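Undergrad: Starting off with a structure, shown below.
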Amino acid sequence: MPVKIQVVFHSLYTHVYQLAVAIAEGAREVPDVEVLLAQVAETLPTEVLEKMGAVDAKKSFAHVPVADPHALADADGIILGSPTRYGSATAQMQAFLDATGGHWVKGTLIGKVGSAFTSTASQHGGQETTLVHMHTFFYHQGMVVAGVPYSAKELLNLDEITGGSPYGASTIAGPRGERTPTANELAIARFQGRHVAQIAAKLAAR
């Protein structure tokens, strides 16, 4: 049986989506791993997205299926990605997590691997608090939390401004969304995908 990894994200301007793709790529490098890439349902109406200038950006990943919270039970590892909103996940991601009460009641996510990634507008815009905020969901569901260990040497890159921490992959979008994920940030994301898939495979083999 293949090890199943679900990468579930919310993105407005593609920054988190780009990290999600890199994470999925990293997970697929692990033998016998099956990856599902899915996005949470968008709750903002089209007219609001138009005012935010997000409609065209969202078209680039419109092909990605909408995540089903009930399907999390099928995964061995779950990697969640969300932009930051004042140091927490977006309302869209939170709505998705709020729909998982059945898993909590039944204990269906206990023992699975959980990990998180994010983006912020500024260098110190709440990346780590957002990741830890999402980690609390994993703890309440009885999951095994995985971050990014320092064997990912890109975490120690001091030659440039970069996202990424032991809590998870991240990127800095810029105040107008003008900055795209760098090669260093994408490398950290791929490392995270591999790391989570490797841990999930070890747990599934027990």
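Undergrad: Among the listed residues G147, G111, G142, identify the single one that is of a type in the set (G, A, S) and either within 18 Å of T14 (Cβ to Cβ) or in contact with a Phe, Trp or Tyr (Cβ under 7 Å, 6 or more places away or on another chain) (or both).
TA: Values: G111 fails: either within 18 Å of T14 (Cβ to Cβ) or in contact with a Phe, Trp or Tyr (Cβ under 7 Å, 6 or more places away or on another chain) (or both); G142 fails: either within 18 Å of T14 (Cβ to Cβ) or in contact with a Phe, Trp or Tyr (Cβ under 7 Å, 6 or more places away or on another chain) (or both).
Checking each option against the conditions leaves just G147.
Undergrad: Then there is this: Are any of the residues in segment 91-112 over 25 Å from H70 (Cβ atoms) and of a type outside the set (D, E)?
TA: Quick first cut of segment 91-112, residues over 25 Å from H70 (Cβ atoms) only: none.
No: segment 91-112 contains no residue that is over 25 Å from H70 (Cβ atoms) and of a type outside the set (D, E).
Undergrad: Moving on to the next point. How many residues are crowded, with 19+ Cβ neighbours inside 10 Å and under 15 Å from the mean Cα position of the chain (by Cα) when one looks only at segment 155-166?
TA: Count: 2.
Undergrad: Name the pairs: first residue in segment 185-206 and closer than 12 Å to D76 by Cα, second residue in a helix (DSSP H, G or I) and open to solvent by less than 10 Å² (accessible area, probe 1.4 Å), Cβ to Cβ under 7 Å, at least 6 apart or on different chains?
TA: The qualifying pairs are V196/A27; A197/A27.
Undergrad: Additional query: Taking segment 180-206, which residues are charged (D, E, K, R), open to solvent by 10 Å² or more (accessible area, probe 1.4 Å) and modelled with pLDDT of 95 or more?
TA: First, pick out the residues of segment 180-206 that are charged (D, E, K, R): 185, 190, 194, 202, 206.
Next, only the ones that are open to solvent by 10 Å² or more (accessible area, probe 1.4 Å) stay: 190, 194, 202, 206.
Within segment 180-206, R190, R194, K202 qualify.
Undergrad: Let me ask you something else. So how many residues does segment 155-171 have that are part of a loop (DSSP other than H, G, I, E, B) and in contact with a Leu (Cβ under 6 Å, 6 or more places away or on another chain)? Lay out the reasoning, then the answer.
TA: Applying the first criterion (part of a loop (DSSP other than H, G, I, E, B)) to segment 155-171 yields 157-164, 166-167, 169.
Filter once more, keeping what is in contact with a Leu (Cβ under 6 Å, 6 or more places away or on another chain): 164, 167, 169.
Going through segment 155-171 one residue at a time, the tally reaches 3.
Undergrad: So which of D32, D98, D74, D56 ends up being within 30 Å of K202 (Cα to Cα) and without any contact (Cβ under 8 Å) to a residue 24 or more places away in the chain? Steps first, answer last, please.
TA: Details: D32 fails: without any contact (Cβ under 8 Å) to a residue 24 or more places away in the chain; D74 fails: without any contact (Cβ under 8 Å) to a residue 24 or more places away in the chain; D56 fails: within 30 Å of K202 (Cα to Cα).
Every option except D98 fails the conditions.
Undergrad: Could you list, in sequence order, the residues of segment 24-43 that are assigned to a strand (DSSP E or B) and either within 11 Å of D76 (Cβ to Cβ) or open to solvent by 20 Å² or more (accessible area, probe 1.4 Å) (or both)?
TA: Selection gives V33, E34, V35, L36, L37, Q39.
Undergrad: Looking only at segment 1-23, which residues are aromatic (F, W, Y) and either under 9 Å from the mean Cα position of the chain (by Cα) or surrounded by 24 or more Cβ atoms within 10 Å (Cβ to Cβ) (or both)?
TA: Within segment 1-23, the subset aromatic (F, W, Y) is 9, 13, 17.
Hits for segment 1-23 are F9, Y17.
Undergrad: Right, next: Mind telling me which of the residues T136, T171, T130 ends up being free of Cβ contacts under 8 Å to residues at least 12 places away in the same chain and not aliphatic (A, V, I, L, M)? Steps first, please.
TA: Details: T171 fails: free of Cβ contacts under 8 Å to residues at least 12 places away in the same chain; T130 fails: free of Cβ contacts under 8 Å to residues at least 12 places away in the same chain.
Within the list T136, T171, T130, the selection yields T136.
The values are calculated or read from the model by the stated rules, or taken from the named source; none is laboratory data. Given the structure is predicted, the values throughout are model-derived calculations rather than measurements. Cβ atoms come from the backbone with ideal geometry, glycine included; neighbour counts cover every protein chain shown. What goes into the accessible areas is simple: the full protein's heavy atoms, side chains included, and nothing from ligands, DNA or RNA. Shrake-Rupley method; radii C 1.70, N 1.55, O 1.52, S 1.80 Å.
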